[in-house]
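Participant: Would you mind keeping the following structure in view while I ask a few things?
Coordinate-derived values only; no laboratory data. Predicted, not measured: the structure shown is a model, and the values here were computed from it. A quick note on method: Cβ atoms are made from the backbone with ideal geometry, for glycine too, and the neighbour counts reach across all protein chains shown.
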Amino acid sequence: MSPRLLRADADPVGRHDTPLTVTVNGEPLAGVAGQTVAGVLLASGRRSWRAGPSGAPRGVFCGIGVCFDCLVTVNGERDVRACRRRAADGDVVTTQSREPGDAR
Amino acid sequence: MTARTRRHVAVVGAGPAGLAAAAAALRAGARVTLVDAAERPGGQYHRMLPEQYRAARPERLHHGWAAFDRLRRHVLGHPRCAWWAESSVWSLERPGPGDETAPRVHVVRGPADGAGRERLVLDPDALVLAPGAHDRVLPFPGWDLPGVFTAGAAQALAKGERVVIGDRVVVAGAGPFLLPVAASLLEAGSTVLEVLEANPAATVLRGWGRRPWELASQAGKAGELAEYTALLARHRVPYRTGRAVIEARGDGRVEEVVTARLRADWSVVSGTERIVAVDAVCVGHGFTPQLELPLAAGCALREGFVQVDGDQRTTAPAVLAAGEITGIAGAPAARVEGLVAGWAAGGGDAAAPEARAARRRRDRARAFAARLAAAHPIGDGWPGWLRPETVVCRCEETTYGALCRAADAPASAAARAVKLGTRAGLGPCQARICGPSVAELLARRSPPPDLAAGGHRPATPHHRPVAQPIRLGELARPPKENL
Ligand SMILES: Cc1cc2nc3c(=O)[nH]c(=O)nc-3n(C[C@H](O)[C@H](O)[C@H](O)COP(=O)(O)OP(=O)(O)OC[C@H]3O[C@@H](n4cnc5c(N)ncnc54)[C@H](O)[C@@H]3O)c2cc1C
Ligand code: FES
């Protein structure tokens, strides 16, 4: 299996989810309001979405905004930490790779 | 007194330490601005579910929820407290030499890493820093594969947004934090195959078993740990000491890990390797304090943590520190340190009975921290897990082999030259992840004279002029001042 979001009806914390949709490289993905962009990506079964300098796949590592492994482009803004940014309905997410001249 | 003439305390971080500091400063009569990058207070320990989940029973995921809930409502609703959520402190500006005022606090407010965030500036009378810590993870072959998470990431995802990282998970590393992580994964319905503590049982027991009266004073923490242990037993999850994940393997994602028995110094006992099929693994070897803000404020360090006096004052004028940046001791300790710091920052009377009581509790908490460190040290033998092609700096993909070659070449052996030559630590994370490991590896290859005798090199100070990313467009905009 892969990473997933606990089903709301099976979650002992008693959630009342509001669905949202983002697109990732043009493909629509269903998420829940309050999830981070990384949470939406992981829950869709993706473990990696960024490429390191050699092209090696990267996804979430630290989960709290420290490692910068999870960077994505959101609505045209590059280098957004997916684990820190809340997903908003309609967000246009594109994946990115490390490019020469990127923020060091 | 009007709001403007009252003493103004800025608190950075609304975790256990910062929230307690805000409460104590308010009690001392000050006006408080509480700043946190997250949307909700609680920090790592009381990481709250997003408001949008509209959870009916959030307390299910927390210890000490009732007290936390009371405290946060009290602080955030206090007429003298301004709560700044989604606000990152990206820089601290020191006053000129001889000037004893607190540094200026530069903040950006808005969605994480957004382009159009608002810039704000605070000029408080006193500044309390409580930014916490992040996981330390030692490198090992395959640790850069997707599906390898820090223990904190697994915890933050499960507790903070109900995402489970996998269904066959190994939790490994060192320290008591592995237990709540395993517990959260189990609670969320994942299968935890085993929890591996790298230190041998003898070291762990010696650390925990010595001076039992100290443990009694941290009863909350001990009770919590006993609960996790019982949960693990109920789910038949083995807790193995003296064993570690020494390699992760897979094609584009982790599919299996190699575990092995370790000696007390964490060198591998060959022939004890086992292969375990997993879909995720989480690893943590203790915590690294987030030192960029204290260093920007000019605070001196002691043994890798912010140096504080009996009132939690740092060596920088009008700057106090509390929580994990002053030593890794867990949430109860962070809370009492926050109380002491907030009271002093707010101008409270040091001789007041409650201040004395808080300082005594803080001293006991520190003793507990020392014991934790003794029970779960990092062994010297971990570089033995590395191979020449193992990535050490994840950002720049600098390998162990490249680091060794640079360190051994006489022309480039100086730490700075190794960095420039190999780019280790110069990527987007600015060495937050690999910094301590690279420093340790280099110190071993070419020990400076004072360390040649086998002493430990303290983690390299993380001087980062920009503590949190800010975009050029935001920088160009004039900030709002004097709030
Ligand atoms: C990912 C993670 C999960 C953890 N989970 C647990 C757990 O479940 N149980 C447990 O016992 N221990 C846990 N810990 C250990 C934890 O560090 C302590 O128990 C406790 O939370 C420390 O309290 P603190 O107040 O010092 O720091 P924290 O709780 O870390 O709080 C620090 C706060 O400062 C904020 N901050 C940091 N830098 C800035 C900045 N530049 N600008 C604005 N705000 C900033 C952060 O957003 C955070 O809210 C966890 C640690 C990590 C790293
Ligand atoms: S996973 Fe580390 S910064 Fe997002």
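Participant: Could you check residue A:2 against (1) more than 14 Å from ligand 2 (Cβ to nearest atom); (2) part of a strand (DSSP E or B); (3) surrounded by fewer than 20 Cβ atoms within 10 Å (Cβ to Cβ) and say which number it fails?
Facilitator: (2)
Participant: What's the number of the condition residue A:13 fails, among (1) more than 16 Å from ligand 1 (Cβ to nearest atom); (2) outside any strand (DSSP E or B); (3) surrounded by fewer than 22 Cβ atoms within 10 Å (Cβ to Cβ)?
Facilitator: Against the list (1) more than 16 Å from ligand 1 (Cβ to nearest atom); (2) outside any strand (DSSP E or B); (3) surrounded by fewer than 22 Cβ atoms within 10 Å (Cβ to Cβ), residue A:13 comes up short only on (1).
Participant: For the subset of the range A:85-95 comprising residues that are outside any loop (DSSP other than H, G, I, E, B) and away from ligand 1 (no atom under 16 Å from the Cβ), which member is surrounded by the fewest Cβ atoms within 10 Å (Cβ to Cβ)?
Facilitator: Top of the filtered list is A:92.
Participant: Let me ask something else about it. Quickly run through the range A:66-84 and pick out the residues that are assigned to a loop (DSSP other than H, G, I, E, B), facing chain B (nearest Cβ under 7 Å) and within 14 Å of ligand 1 (Cβ to nearest atom).
Facilitator: Those that are assigned to a loop (DSSP other than H, G, I, E, B), facing chain B (nearest Cβ under 7 Å) and within 14 Å of ligand 1 (Cβ to nearest atom): A:66, A:67, A:84.
Participant: Something else now. When only residues in the range B:148-162 that are more than 12 Å from ligand 2 (Cβ to nearest atom) and more than 12 Å from residue A:83 (Cα to Cα) count, which is nearest to the other protein chains (Cβ to nearest Cβ)?
Facilitator: Step by step, filter the range B:148-162, then rank; the result is B:162.
Participant: Can you tell me which of B:112, B:102 is within 16 Å of ligand 2 (Cβ to nearest atom), touching a residue at least 12 places away in the same chain (Cβ under 8 Å), part of a loop (DSSP other than H, G, I, E, B) and closer than 25 Å to residue B:477 by Cα?
Facilitator: B:112
Participant: Another question, if that's okay. May I ask you to verify whether residue B:340 is more than 12 Å from ligand 1 (Cβ to nearest atom) and crowded, with 24+ Cβ neighbours inside 10 Å?
Facilitator: Here the answer is yes, as residue B:340 does meet what is asked.
Participant: Pick from the range A:47-65 the residues that are without any contact (Cβ under 8 Å) to a residue 40 or more places away in the chain and away from ligand 1 (no atom under 14 Å from the Cβ): which of them is surrounded by the fewest Cβ atoms within 10 Å (Cβ to Cβ)?
Facilitator: A:54
Participant: Among the candidates B:137, B:169, which residue alone is over 21 Å from the mean Cα position of the chain (by Cα), within 11 Å of chain A (Cβ to nearest Cβ), crowded, with 24+ Cβ neighbours inside 10 Å and β-branched (Val, Ile, Thr)?
Facilitator: Testing whether each residue is over 21 Å from the mean Cα position of the chain (by Cα), within 11 Å of chain A (Cβ to nearest Cβ), crowded, with 24+ Cβ neighbours inside 10 Å and β-branched (Val, Ile, Thr) leaves just B:169.
Participant: So, one more: In this structure, is residue B:191 within 14 Å of chain A (Cβ to nearest Cβ), of a type in the set (Val, Ile, Thr) and surrounded by fewer than 24 Cβ atoms within 10 Å (Cβ to Cβ)?
Facilitator: The answer is yes for residue B:191.
Participant: Just to be sure I understand, how many residues within the range A:38-64 are facing chain B (nearest Cβ under 7 Å) and either over 20 Å from residue B:398 (Cα atoms) or small (Gly, Ala, Ser) (or both)?
Facilitator: Final tally of qualifying residues: 11.
Participant: Let me ask something additional. Take residue A:34 and decide whether it is surrounded by fewer than 20 Cβ atoms within 10 Å (Cβ to Cβ), assigned to a loop (DSSP other than H, G, I, E, B) and either at negative phi or away from ligand 2 (no atom under 11 Å from the Cβ) (or both).
Facilitator: When the stated conditions are applied, residue A:34 does not pass them.
Participant: What do you reckon, is residue B:152 more than 12 Å from ligand 1 (Cβ to nearest atom) and outside any loop (DSSP other than H, G, I, E, B)?
Facilitator: No: the conditions fail for residue B:152.
Participant: Being out of contact with any helix residue (DSSP H, G or I) (no Cβ under 9 Å at 6 or more places or on another chain) and within 30 Å of residue A:59 (Cα to Cα) narrows it down to one residue among B:401, B:304, B:323; which is it?
Facilitator: None of the others qualify; the one that does is B:401.
Participant: Taking the range A:73-83 only, how many residues are in contact with a Leu (Cβ under 8 Å, 6 or more places away or on another chain) and either crowded, with 18+ Cβ neighbours inside 10 Å or over 13 Å from residue A:96 (Cβ atoms) (or both)?
Facilitator: Residues that pass the stated criteria total 3.
Participant: Oh, and also: Name every residue in the range B:309-327 that is crowded, with 24+ Cβ neighbours inside 10 Å and part of a loop (DSSP other than H, G, I, E, B), in order of residue number.
Facilitator: B:312, B:314, B:316, B:322, B:327
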